[in-house]
Amino acid sequence: MKKKLIFLSTLIGTILGGGALSVSANSSQYKPFVPKKLGIIKDSNVIKYNSVNWGWYDSVYQKKYFTSKKSTTFIYNKNSRTMIIRYVNTNKHNSKVKFNYMKLVFSHGRKNPTISYYYKLNNHKFKFINSVKYHLKNSGNY
């Protein structure tokens, strides 16, 4: 009887109070992206890269699809230290897809993070670009 009562009270508490539902709803909201929020770069070293994806991204995709504008938004997951940046798709040929995505995976510390960059263009999967070790003056609150 006590187990059923505890189960019902937790179930009613999560439904009425929001409980676990509000955490997932708040974590899926995108916020405006400000590049200065990550910190000021003092020095950087490229650790690992994919030459094909990095070449295409650097020469074509970055200027065309991944330029920072007012409509650029991001979401950050503290547990996995992953930031997904959402850019509005300007490609008129593929109008079904509204957004292009850039995924940043943070590892190591906050003052000297290693960031792995991935991009997703249209309906394709995330493609690895490179991993960069940064030395920051002021680490931001990402």
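The values are calculated or read from the model by the stated rules, or taken from the named source; none is laboratory data. Small disclaimer: the values here were computed from a predicted structure and weren't measured. Neighbour counts run over all protein chains shown; Cβ positions are idealised from the backbone, glycine included.
In table form, for the structure just shown:
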| item | result |
| --- | --- |
| In segment 69-126, the residues that are buried (at least 16 other Cβ atoms within 10 Å of the Cβ) and among the polar types (S, T, N, Q) | Thr72, Thr73, Asn89, Asn100, Thr114, Ser116 |
| Output for segment 44-73, where each listed residue is in a helix (DSSP H, G or I) and either at pLDDT 85 or above or of a type in the set (D, E, K, R) (or both) | Asp58, Lys63, Lys64 |
| Filter result for Asn53 (touching a helix residue (DSSP H, G or I) at 6+ places or on another chain (Cβ under 8 Å) and either of a type outside the set (Lys, Arg) or surrounded by fewer than 10 Cβ atoms within 10 Å (Cβ to Cβ) (or both)) | no |
| Qualifying strands (runs of 3 or more DSSP E) (wholly inside segment 78-122; at least 3 residues being in the same structural domain as Gln62 (by TED's automatic domain parsing) and under 14 Å from Tyr30 (Cβ atoms)) | 82-88, 99-108 |
